[in-house]
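The values are calculated or read from the model by the stated rules, or taken from the named source; none is laboratory data. Remember, predicted model here, so these are calculated numbers, not experimental data. Cβ placement follows ideal geometry from the backbone for every residue including glycine, while neighbour counts extend to all protein chains displayed.
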Amino acid sequence: MEILDEGAGELVGWRDPDENREWVRANKSRALKDKRMTVSDAVRRFVRDGDYVAIGGFGHVRVPMSLVYEVVRQRKRDLTVAGKTAVHDLDILIGGGCVSRVEVAYSFGHELRGLSPCGRRAVESGRCKVVAETSNAGYQWRFLAAAMGVPFVVSRNLLGTDTFKKSSAKKVRDPWSGKPVCLLPACYPDVAMFHVPRCDAHGNAQIDGIIVEDFELARAARRVIVTTEQVVSDDLIRREPHRTVIPFYVVDAVCEVPWGAHPAQMPYEYYFDEEHIRLWLQMSASEEGTEDYFSRYVLGVQDYEEYLERVGGIRTLNRLRQIEQYRPPLPEQE
Amino acid sequence: MATTYTETELLACVASHMLADNKSVFVGTGLPMIAAMLAQRTHAPNLLLIFEAGGVGPQVPVLPISVGDSRTFHRAVVASTMHDVMSALQSGYVDYGFLGAAAIDAYGNINTTVIGDWARPRVRLPGSGGANDIGSLCWQTILILRQDRKKFVERLPFITTPGYLYGPGAREAEGLPAGGGPYRVITQLGVYGFDEETKRMALVARHPGVTVTEIQSNSEFEIIIPAQVAQTEPPTGSEQRILREIDPTGLVVGR
């Protein structure tokens, strides 16, 4: 195949498909076993310094925040993070000093809420390096290639732009149509983390609402940690197998974490905590504020339960549930 | 009846008028969402909204904060995957793509990645997100941004998302799907299209009270001015009322 052009971005997360097949054969257990553990154990066992990390959900939606805070608490370092519309999660990891490199589809911004002071400061000062650019489809098709066990997938985006020039993609001539097409290299993160509404002890995880690219990402990553609002019985999963998005044999750890996406949204369960996101954006405007944030909400708390207390406890959480479920607030008491 | 309206209301209404009923639109955050929701509540009840995180065909109750917000799949026909919706885009099912931008050039290329040098940027912006995919793969891209000489530029520091790249035939030569590209650009001053011959930006309509001189002086590159320039329709009272219903807290529309 004739190579017409290639992006100069760094190729991150790529592996030879045969090497990965061998690794899967040797390391991914096909046994149905209980994988429940604490968040702290899961991060200790499955996240390593220097890892390439990808996080499920989208933007501020269905993000495994308990794991993100725990990565900061355990002071993991030198991570490369998939900026696959990574917003609050990436911000917290950058602010916590965990990240040295990012491949960017969408990062350093909070959509309508504005740009991220913390992420921008890190990139503009050179403390955190953008190693390559891509797009949202570009990223998810990289995961698709890995999930399929093939070296690349073909696409028709990116072409002709600087996004292509700073990507790890190549432009080749399609042997059938004769037209130029884009090849997106497979991407196998070292570890991927997800938050789901329900999962059994073996790791069979179900998602309500949009799946984003969690289907592909879970199958592309070498190690997978799933946090879940609720651990449910194996029987409940088997009654509705069509709802299962992530199968047990790709999962390494299952942690039960109610309200585990806060301040992100959990579809059908609770809404974004806009107040808390705004607080983070305000505090992270300066280095000192960022440190204060971490000592108040991350390093200064024992665990996620204590964090939930600090952000307002059950009163706040119930209010977020009301908004998500379109329930009108109770009328004022006489 | 003469009414007063804000710039944002005007942009939202002008944008919504471009979306025809029974067509599909891939919607980005902010004004594009407002415009698509307004169209759905007025002349285009069967406008098919598609969101990049997987929401397909929702009846959006109130302005979503994110393109992944559960409101993007409220009473939807599918809560799907990114692979599915991006593939729908690539295989030709999406009529309009609706984007905001930080800056644009005469060919409708846009930058949302960086100001200054890429390796050591003066300002790091969020990057493509789904914008490159939408600008590459939908049939007609509609862009909304504020216009001034810093945003309508001769040369972008970074082309995040393709317009007509460097002229006629460039998209196809690079391998992008044939027949796509920017259709309209909407700013606070007017509405622009692209000249058939050169694929450079040309004025289509100016907003009430805006002069052609203002339009030209707020662009670093020369805008093609045709002999006939239409005037846009200002928002009606009923459109303004619907906008407030869509965005009750004034997140985009303003209070």
Does A:TYR268 satisfy being more than 14 Å from chain B (Cβ to nearest Cβ), surrounded by fewer than 22 Cβ atoms within 10 Å (Cβ to Cβ), of a type outside the set (Val, Ile, Thr) and more than 18 Å from A:TYR69 (Cα to Cα)?
no
List pairs: first in segment B:193-211 and without any contact (Cβ under 8 Å) to a residue 60 or more places away in the chain and surrounded by fewer than 14 Cβ atoms within 10 Å (Cβ to Cβ), second hydroxyl-bearing (Ser, Thr, Tyr) and assigned to a loop (DSSP other than H, G, I, E, B), Cβ under 8 Å, 6+ apart or cross-chain?
B:PRO208/B:THR232
Considering residues that are farther than 12 Å from A:VAL87 by Cβ and either surrounded by fewer than 24 Cβ atoms within 10 Å (Cβ to Cβ) or of a type in the set (Ser, Thr, Tyr) (or both), the number found within segment A:102-121 is 3
It is to be established whether one or more residues within segment B:53-60 are modelled with pLDDT under 95, away from every other protein chain (no Cβ under 12 Å) and out of contact with any Phe, Trp or Tyr (no Cβ under 8 Å at 6 or more places or on another chain).
yes
Suppose we filter B:ARG120, B:ARG71 for residues that are crowded, with 18+ Cβ neighbours inside 10 Å, within 11 Å of chain A (Cβ to nearest Cβ) and without any contact (Cβ under 8 Å) to a residue 40 or more places away in the chain; which single one remains?
B:ARG71
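What number of residues in segment B:129-141 are in contact with a helix residue (DSSP H, G or I) (Cβ under 8 Å, 6 or more places away or on another chain), within 19 Å of B:LYS199 (Cβ to Cβ) and part of a loop (DSSP other than H, G, I, E, B)?
Selection size over segment B:129-141: 1.
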Given (1) hydroxyl-bearing (Ser, Thr, Tyr); (2) away from every other protein chain (no Cβ under 12 Å); (3) outside any strand (DSSP E or B); (4) touching an Asp or Glu at 6+ places or on another chain (Cβ under 6 Å), A:SER168 misses just (4)
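Could you please find all residues in segment A:146-161 being buried (at least 24 other Cβ atoms within 10 Å of the Cβ) and either in contact (Cβ under 8 Å) with a residue 12 or more places away in the chain or part of a strand (DSSP E or B) (or both)? Talk me through it step by step, then tell me what you get.
As a first pass, look at segment A:146-161 and keep what is buried (at least 24 other Cβ atoms within 10 Å of the Cβ): A:146, A:155, A:157-161.
A:ALA146, A:SER155, A:ASN157, A:LEU158, A:LEU159, listed by residue number.
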Looking at (1) touching a helix residue (DSSP H, G or I) at 6+ places or on another chain (Cβ under 8 Å); (2) part of a loop (DSSP other than H, G, I, E, B); (3) closer than 19 Å to B:LEU143 by Cα, which one does B:GLU220 not meet, given that it meets all the others?
(1)
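What about B:THR161, is it of a type in the set (S, T, N, Q), more than 30 Å from A:LEU183 (Cα to Cα) and within 20 Å of the chain's Cα centre (by Cα)?
no
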Here's a check for you: in segment A:64-92, which residue that is under 24 Å from A:ASP273 (Cα atoms) and basic (Lys, Arg) is nearest to the other protein chains (Cβ to nearest Cβ)?
A:LYS84
Please go through segment B:123-180 and give me each residue that is more than 7 Å from every other protein chain (Cβ to nearest Cβ), among the aromatic types (Phe, Trp, Tyr) and buried (at least 24 other Cβ atoms within 10 Å of the Cβ), ordered by number.
B:PHE152, B:TYR164
Exactly one of A:GLY138, A:GLY95 is within 8 Å of another protein chain (Cβ to nearest Cβ) and either crowded, with 24+ Cβ neighbours inside 10 Å or without any contact (Cβ under 8 Å) to a residue 40 or more places away in the chain (or both), and that residue is A:GLY138
Can you find even one residue in segment B:90-104 that is at the interface with chain A (Cβ under 9 Å from one of its Cβ atoms), surrounded by fewer than 24 Cβ atoms within 10 Å (Cβ to Cβ) and either free of Cβ contacts under 8 Å to residues at least 12 places away in the same chain or farther than 17 Å from A:TYR139 by Cα (or both)?
no
Does B:THR29 meet the test of being farther than 23 Å from B:GLY254 by Cβ and either facing chain A (nearest Cβ under 7 Å) or aliphatic (A, V, I, L, M) (or both)?
no
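Scan segment A:223-233 and give yes if some residue there is out of contact with any Ser or Thr (no Cβ under 9 Å at 6 or more places or on another chain), free of Cβ contacts under 8 Å to residues at least 24 places away in the same chain and surrounded by fewer than 20 Cβ atoms within 10 Å (Cβ to Cβ), otherwise no.
So far as segment A:223-233 goes, no, none of its residues is out of contact with any Ser or Thr (no Cβ under 9 Å at 6 or more places or on another chain), free of Cβ contacts under 8 Å to residues at least 24 places away in the same chain and surrounded by fewer than 20 Cβ atoms within 10 Å (Cβ to Cβ).
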